[in-house]
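Take a look at the structure below.
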Amino acid sequence: MFNIFWMILKRDIKLALRRRSEVFTVLFFFIIVVSLFPLGVGFNEKMLQEIAPGVAWIAALLASMLALERLFANDYVDGTLEQMLLAPQPLSILVFAKMTAHWLLTGLPLVLVAPVVGVLYHLESDTVITMMLMLLLGTPILSMVGAIGAALTLGLRGGGVLISLLILPLYIPVLVYGAGAIAESRLQSGNIEPHILLLSAFLLLSLIFSPWATASALKISLE
Amino acid sequence: MSLIVSDLQCIRGDRQLFSDLSFQLHPKQLLFLEGKNGSGKTTLIRTLCGLFIADKGNILWKNQPIEEHLEVYRKALFYLGHLNAIKGDLTALENLRFNHLISGQKSNDNDLLDALERIGLFGYEDFPTRELSQGQKRRVALARLIVNKSPLWILDEPFVALDVAAVALLQQLISQHIDAGGMAILTTHQAVPLTEGEIQHINLDDFSIKSGRVVDV
């Protein structure tokens, strides 16, 4: 069971590294969106600090949507997904491996470049650390919830737009608590613990339900 | 160990593809599914694999419904459809290894390399498969048959895109598999000469079922 998890994880990462442009697209999209805001709204230090949490999170949401469409599409087109469905192991394990690979390739890099946002928006180091922590908790949720949408819209024409319509509303709690915690951490009396606990709860919920839901959606899409 | 299908019915949209379809497949038997394009061959094959749920009827493997013992059935099943399940960015060996292991089989690299050599891809093991021709890609997919130990093979149009030598090799592989007590279901118009065993034909146009002992070809 763990064997097949490792195998798929390794294969997806190997495939992505042989086609690096797809990984960098997500990362550069995030950096560009984040750096466009100061150009648009002006360089007022106070205002930038105010909008930083929301901007960083919205850019992260949109960036993680970019690669979602391809999560299952390539395997679907070349027939690998069919073979995965016929594997003796539970499909949810295979799906979970693909989600993990997706997060490592698109979510984790966003966490690592968060200090860039800090520099652009004049954030203090404590706030940057909170931002990295919240992104670390939140981006896996984006990958896992997004996978359900990717599986449901597999093989549909215009699936890319449909995924956004299906999935972005489900990202709202992550956005609210993720950005909320960063804003809170800038206040003297701020307490980010409730935000961390709530996001962790969302993370656990999606860990339990999303592989199963995605596997069921894939079975329907391939019927 | 046998596959028993009874009263199978499949409806796609409002068109009935087949109904009351019953047949049995035992070791050393080869089943040909025939019928014109659009007669439901691929749907039947996908139903037999458990990818498509039939509207009515039962599929039993070792006398147990396949949907209740999916793990056992899938370990026993080898399926190859129209699509090769080959990734252009991976080498022939990496593709073969991944597809082989994912179907729940075990093996070492030497066996896999031997399989690639036998299927005529010696020297191409470390090439990214996107640089190979259509026929060579198909060969990478079919190399799995050489290392596969599953008793039941379900192959949808396996001879497509192959040259004469590869067709002969595939015929030989299927025949050896049947000889060794395996079972196979094929949709193809290509004859497969067998040395022993039994051939059945199911025609989805008129639902006739013919079976007979092997005749020398």
Q) Which one of A:166, A:180, A:207 is farthest out on the positive end of the charge dipole of the range A:102-223, using unit charges on Cβ (Lys, Arg +1; Asp, Glu -1) and the Cα centre as origin? A) A:166
Q: Return the sequence-ordered ³J(HN,Hα) values of the range B:60-71 in whole Hz as given by the Karplus equation 6.51 cos²θ - 1.76 cosθ + 1.60 applied to θ = phi - 60°, using x for Gly and Pro.
A: 10, 10, 6, 6, 10, x, 5, 6, 8, 10, 4, 5
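Computed FRET efficiency, Cβ-Cβ of residue A:35 and residue B:118, R0 45 Å: what is it to the nearest 0.05?
After rounding to 0.05, the efficiency reads 0.20.
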Q | Shielding by partners - mean other protein chain Cβ count within 10 Å, residues of A:85-97 | A | 4
Q) Taking every DSSP beta bridge that has both residues in the protein assembly as shown, what percent is antiparallel when rounded to the nearest 5? A) 50 percent
Q: Report, ordered by chain and residue number, the aspartates and glutamates lying within cross-link reach of residue A:46, taken as a straight Cα distance under 19 Å and ignoring same-chain residues fewer than 8 apart.
A: A:124, A:126, A:184
Q: Would you please classify the overall shape of the range B:102-158 from the alpha carbon gyration tensor, given that a ≥ b ≥ c denote the square roots of the eigenvalues, rounded means a/c under 1.5, and beyond that prolate means a/b larger than b/c while oblate covers the rest?
A: oblate
Q) From the phi of every residue in the range B:170-183, what ³J(HN,Hα) in whole Hz does the Karplus formula 6.51 cos²θ - 1.76 cosθ + 1.60 yield, where θ is phi - 60° and glycine or proline is x? A) 5, 4, 5, 4, 5, 4, 4, 4, 5, 3, 7, x, x, 10
Q.
How shielded is A:1-9 by partner chains, expressed as the average number of their Cβ atoms within 10 Å of its Cβ atoms?
A. 1
Q: Just tell me how shielded B:78-84 is by partners: mean number of partner chain Cβ atoms within 10 Å of each residue's Cβ, no decimals.
A: 4
Q: When a/c is below 1.5 the answer is rounded, else prolate if a/b is larger than b/c, else oblate, so apply that to the protein assembly as shown with a ≥ b ≥ c taken from the square roots of the Cα gyration tensor eigenvalues.
A: prolate
**Q.** Residues with amide H under 5 Å from that of residue B:79, placed H, sequence gap 5 or more
**A.** B:154
Q) Pairs A:14/B:41; B:28/B:106; A:10/B:41; B:62/B:210; A:14/B:28; A:10/B:75: which exceed 30 Å Cα-Cα? A) A:14/B:41; A:10/B:41; A:14/B:28
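None of the figures in this text is laboratory data; all of them are computed from the coordinates on show. For clarity, every value in this text was computed on a predicted model and none was experimentally measured. In this analysis, Cβ positions are derived from the backbone assuming ideal geometry, glycine residues included, and neighbour counts consider all displayed protein chains.
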